[in-house]
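Participant: Here it is: the structure, laid out below.
The values are calculated or read from the model by the stated rules, or taken from the named source; none is laboratory data. Only a predicted model underlies this, so the values are computations on that prediction, with no experimental measurement involved. Using ideal geometry, Cβ is built from the backbone for each residue, glycine included, and neighbour counts are taken over all protein chains shown. These area figures cover heavy atoms from the full protein model, side chains too; ligands, DNA and RNA do not enter into them. Shrake-Rupley method; radii C 1.70, N 1.55, O 1.52, S 1.80 Å.
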Amino acid sequence: MEYLKNYKGDNYKIFERLRAGTPIPMNDPDYGHIRKQVIKTKSLLNRLNIAESVTDSRSILSEIIGEEVDETITIFTPFYTNFGKHISLGKNVFINHACSFLDLGCITIEDGVMIGPRVNIISEDHPVEPENRNTLVPKAVIIKKNAWIGAAATILPGVIVGENSVIAAGSVVKKDVPTNTVVGGIPAKILKKLTNKK
């Protein structure tokens, strides 16, 4: 994690705790380090969303996620994220307009994934109990190879979308999606299995 080089001593540990899925109250003494990174990301997003060339977009996206993105990645702006450093992108990934990734809990998008417009991927949650609701609960989301996420779908914290699977437009996915499966609805349910003809 290249961005951790900016933090001295034990300050980086809150980011390790996020990646480990450890719940973190917002009054945690190290929470300010998250806020500082969020402010930096917001500034970079402003640049990304007015970039005129594909090259500039990839360069700024690389700054946002903290590692160089592959030249096969296509992203249509506007794009939104709150943190950015916990997004991992494979090769040949396509991200359409107006997607929003809340990535404090980590979002991994593997090779060949297609993401439709206005898709929300959320890797952060909060407890239901009012006395604990200000606690951030990170839960990683993984989108496996060649999955297709339809327009305006929402992937909730902790979900794994299986390889080659399809999320129908407008769906809300709160459970893991098996490999080679089409799911849809609110909440998303299995609609059919896909046959691999290779």
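Participant: With a probe of 1.4 Å, find how much accessible area the stretch 83-180 has per residue, and write the answer as a whole number in Å².
Facilitator: Details: 3900 Å² over 98 residues.
Accessible surface, normalised per residue, equals 40 Å².
Participant: Would you tally the net charge around Val172, using a Cβ to Cβ cut-off of less than 15 Å, leaving Val172 out, and scoring K and R as +1, D and E as -1?
Facilitator: Every neighbour counted, the sum reads +2.
Participant: Please state the relative contact order of the chain as a whole percent: Cα pairs under 8 Å, 6+ residues apart?
Facilitator: In percent, rounded to a whole number, it is 13.
Participant: Still on this structure, I have one more. Cut-off 10 angstrom, C-alpha nodes, Gaussian network model of the chain. Which of Arg58, Arg19, Arg35 fluctuates the most?
Facilitator: Largest GNM mean-square fluctuation: Arg35.
Participant: If you don't mind, there's one more thing I want to ask. Please give the helix 54-65 orientation as an angle from the longest Cα principal axis of the chain, in degrees from 0 to 90, rounded to the nearest 10.
Facilitator: 60 degrees
Participant: [x] 36, 20, 14; [y] 27, 22, 14; [z] 25, 21, 16: which one is semi-axes √(5λ) of the Cα gyration tensor in Å as calculated from this entry?
Facilitator: Label [y] holds the value from this structure.
Participant: For the peptides 125-138, 39-52, what is the packing order when you average, over each peptide's residues, the other Cβ atoms within 10 Å and list the highest mean first?
Facilitator: Answer by packing, highest mean first, reads 39-52, 125-138.
Participant: Using a 1.4 Å probe and ignoring any ligands, DNA or RNA, find the accessible area of Leu89 and quote it in Å² to the nearest 10.
Facilitator: Here the residue's solvent-accessible area equals roughly 30 Å².
Participant: May I ask you to give the percent of accessible area on the stretch 64-155 that is carbon plus sulfur, with a probe radius of 1.4 Å?
Facilitator: 51 percent
Participant: To the nearest 20 debye, what is the magnitude of the charge dipole of the chain about its Cα centre, counting +1 on the Cβ of each Lys and Arg and -1 on the Cβ of each Asp and Glu?
Facilitator: Dipole size: approximately 520 debye.
Participant: Angle between the Cα long axis of helix 31-48 and the longest principal axis of the chain, 0 to 90 degrees, nearest 10?
Facilitator: 60 degrees
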